[in-house]
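Before any comments, here is the structure.
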Amino acid sequence: MGRYIGKLRTLPFMSVMLVAANVVIYLLCQLPGNTLYGRGCLSAFEIVSRGEYGRILWAMFLHADASHLFNNMIILYFMGAMIEKEIGHFPFAGIYLISGIGGNLLSLISKIVGGDWAVSLGASGAVFGLDGLLLALVLFSPRRMENITPLRVVLMICLSLYSGFTGGNVDNPAHVGGLFAGFVLGGLLVIYTRLKRIR
């Protein structure tokens with residue numbers, strides 16, 4: 001019995017649920033009217049003038065097209081499954097969501113400061129949060145992850161950021177904000193885990 005429970009704990013429940021939620025919401029967005037896009041995209045105007053702060057969360061579950069969705073979900077599933085196995089289901093989900101919010105907050109601030117009223121959407125801020133979390137784990141955690149080294153993670157992050165900054169129509173502040181939030185939260189998680197073991 002204990003063996004089966006141990007195996008269940010290693011299954012990426014949260015990663016699968018997050019991917020499923022994004023896919024279902026994308027399919028709902030294809031219904032006539034674009035209601036979810038209108039109510040959920042990250043819009044500085046709507047947030048500042050109407051106080052629609054929920055957009056800071058909802059925008060990370062919206063995607064512009066199937067390619068946008070696929071690119072984010074493939075990373076979320078494979079990287080998420082690996083990280084979730086290391087840190088647990090709820091810490092993983094919490095850091096993912098908070099990273100997405102952090103990315104959208106930095107994006108919102110950037111829009112307000114720059115007078116940019118264009119809307120943005122997507123899970124990439126939260127996905128970059130997983131990059132930051134992974135970097136914190138390989139740098140600070142005493143546990144070693146197979147075939148994952150700090151250099152490889154840094155190179156992956158640099159390539160992802162470069163692709164964003166050289167591409168068009170990309171919300172780079174969301175990427176940077178998510179990356180930073182994930183790294184900080186990952187570092188705090190490692191510190192908490194070490195202190196818990198000491199006690």
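The values are calculated or read from the model by the stated rules, or taken from the named source; none is laboratory data. The structure presented is a predicted model; accordingly, all values stated were derived computationally and were not measured. Neighbour counts run over all protein chains shown; Cβ positions are idealised from the backbone, glycine included.
What the table shows:
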item: Lone unmet requirement of (1) touching a Phe, Trp or Tyr at 6+ places or on another chain (Cβ under 9 Å); (2) of a type outside the set (Phe, Trp, Tyr); (3) within 13 Å of Gly122 (Cα to Cα); (4) assigned to a helix (DSSP H, G or I) for His63; result: (4)
item: Candidate set from the stretch 76-119 (those that are not in a helix (DSSP H, G or I) and not charged (D, E, K, R)); member that is nearest to Gly132 (Cα to Cα); result: Gly88
item: Counted residues, the stretch 30-51 - those being over 21 Å from the mean Cα position of the chain (by Cα) and either more than 16 Å from Trp117 (Cβ to Cβ) or of a type outside the set (A, V, I, L, M) (or both); result: 12
item: Residue within the stretch 120-135 that is of a type in the set (A, V, I, L, M, F, W, C) and more than 26 Å from Thr10 (Cα to Cα) present; result: yes
item: Failed item in (1) among the small types (Gly, Ala, Ser); (2) in contact with a Ser or Thr (Cβ under 9 Å, 6 or more places away or on another chain); (3) without any contact (Cβ under 8 Å) to a residue 60 or more places away in the chain, with Ala93 passing the rest; result: (3)
item: Those residues of the stretch 64-87 which are buried (at least 16 other Cβ atoms within 10 Å of the Cβ) and of a type in the set (Gly, Ala, Ser), in sequence order; result: Gly80, Ala81
item: Residue ID - modelled with the lowest pLDDT, chosen from residues in the stretch 24-47 that are exposed (fewer than 15 other Cβ atoms within 10 Å of the Cβ) and assigned to a helix (DSSP H, G or I); result: Thr35
item: Pair list, Cβ under 6 Å, 6 or more apart: the stretch 61-83 residue under 19 Å from Thr35 (Cα atoms), other residue among the hydroxyl-bearing types (Ser, Thr, Tyr); result: His63/Tyr26; Leu69/Tyr26
